[in-house]
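Visitor: Quick one: structure below, then a few questions.
The values are calculated or read from the model by the stated rules, or taken from the named source; none is laboratory data. Just so you know, these numbers come straight off a predicted model, no measurement behind them. Don't worry about glycine lacking a Cβ; one is built from the backbone with ideal geometry, like all the others, and counts go over all protein chains shown.
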Amino acid sequence: MTKVDPVYPWLVGRMRIQGTVKYDVLILADGTIGQLTIKSGPKPLQEAATEALRQWVFKPTLVNGEPVEVSTQIEIEVRPAEAHAM
């Protein structure tokens, strides 16, 4: 799996907002992200989380040896860089 972390939006830096953005996601047969729906999460962080999620690539799920689409839920935590070091 290739996972890209979200870039904390500098515009919300002064507010020190952090949180988790939750999605319903369709992972396509080739492992890329298809349709996604934001279910919850701080509005100022949703764009950064979505941009990161769209770059994720999963190992395709196989059924009877054939790649298939998979629906799942994904949560992405977005926080300032300093918070990652704690």
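Visitor: From the list 39, 59, exactly one residue is within 17 Å of residue 1 (Cα to Cα) and at pLDDT 95 or above. Which is it? Give the derivation first.
Guide: On the way: 39 fails: within 17 Å of residue 1 (Cα to Cα).
Matching residue, one of 39, 59: 59.
Visitor: Moving to a separate point now. What is the number of the single condition among (1) more than 10 Å from the chain's Cα centre (by Cα); (2) outside any loop (DSSP other than H, G, I, E, B); (3) more than 17 Å from residue 81 (Cα to Cα); (4) of a type outside the set (S, T, N, Q) that residue 23 does not meet?
Guide: Of the numbered conditions (1) more than 10 Å from the chain's Cα centre (by Cα); (2) outside any loop (DSSP other than H, G, I, E, B); (3) more than 17 Å from residue 81 (Cα to Cα); (4) of a type outside the set (S, T, N, Q), the odd one out for residue 23 is (1).
Visitor: For residue 13, are the conditions met, namely being over 28 Å from residue 81 (Cβ atoms) and either loosely packed, with under 12 Cβ neighbours inside 10 Å or charged (D, E, K, R) (or both)?
Guide: It is false that residue 13 is over 28 Å from residue 81 (Cβ atoms) and either loosely packed, with under 12 Cβ neighbours inside 10 Å or charged (D, E, K, R) (or both).
Visitor: Look through 48, 52, 81, 29 and report the one residue that is touching a Pro at 6+ places or on another chain (Cβ under 8 Å) and more than 19 Å from residue 1 (Cβ to Cβ).
Guide: Numbers: 52 fails: more than 19 Å from residue 1 (Cβ to Cβ); 81 fails: touching a Pro at 6+ places or on another chain (Cβ under 8 Å); 29 fails: more than 19 Å from residue 1 (Cβ to Cβ).
Matching residue, one of 48, 52, 81, 29: 48.
Visitor: Could you list all residues from the stretch 51-73 that are of a type in the set (Lys, Arg) and within 10 Å of the chain's Cα centre (by Cα)?
Guide: 54
Visitor: Here's another thing I want to ask about it. Just one of 67, 60, 44, 80 is in contact (Cβ under 8 Å) with a residue 40 or more places away in the chain and surrounded by 12 or more Cβ atoms within 10 Å (Cβ to Cβ); which is it? Please lay out each step first, then the result.
Guide: Values: 67 fails: in contact (Cβ under 8 Å) with a residue 40 or more places away in the chain; 60 fails: in contact (Cβ under 8 Å) with a residue 40 or more places away in the chain; 44 fails: in contact (Cβ under 8 Å) with a residue 40 or more places away in the chain.
Criteria check complete, one pass: 80.
Visitor: Can you tell me which of (1) surrounded by 14 or more Cβ atoms within 10 Å (Cβ to Cβ); (2) in contact (Cβ under 8 Å) with a residue 24 or more places away in the chain is the one residue 38 doesn't meet?
Guide: Unmet condition: (2).
Visitor: Does residue 20 satisfy being polar (S, T, N, Q), under 17 Å from residue 5 (Cα atoms) and loosely packed, with under 15 Cβ neighbours inside 10 Å?
Guide: For residue 20, the condition - polar (S, T, N, Q), under 17 Å from residue 5 (Cα atoms) and loosely packed, with under 15 Cβ neighbours inside 10 Å - is met.
Visitor: On to the next question. Take the residues of the stretch 1-20 that are more than 12 Å from the chain's Cα centre (by Cα) and not aliphatic (A, V, I, L, M): which is farthest from residue 70 (Cα to Cα)?
Guide: Step one: list which residues in the stretch 1-20 are more than 12 Å from the chain's Cα centre (by Cα), which gives 1, 8-19.
Still in the list and also not aliphatic (A, V, I, L, M): 8-10, 13-14, 16, 18-19.
Numbers: 8: 28, 9: 30, 10: 34, 13: 35, 14: 38, 16: 35, 18: 29, 19: 26 Å.
Among them, the one singled out is 14.
Visitor: Let me ask something additional. Considering only the stretch 26-82, how many residues are among the aliphatic types (A, V, I, L, M) and assigned to a helix (DSSP H, G or I)?
Guide: First, pick out the residues of the stretch 26-82 that are among the aliphatic types (A, V, I, L, M): 26-29, 33, 36, 38, 45, 48-49, 52-53, 57, 62-63, 68, 70, 74, 76, 78, 81.
Retained after the next criterion (residues that are assigned to a helix (DSSP H, G or I)): 45, 48-49, 52-53, 81.
Number satisfying all stated conditions: 6.
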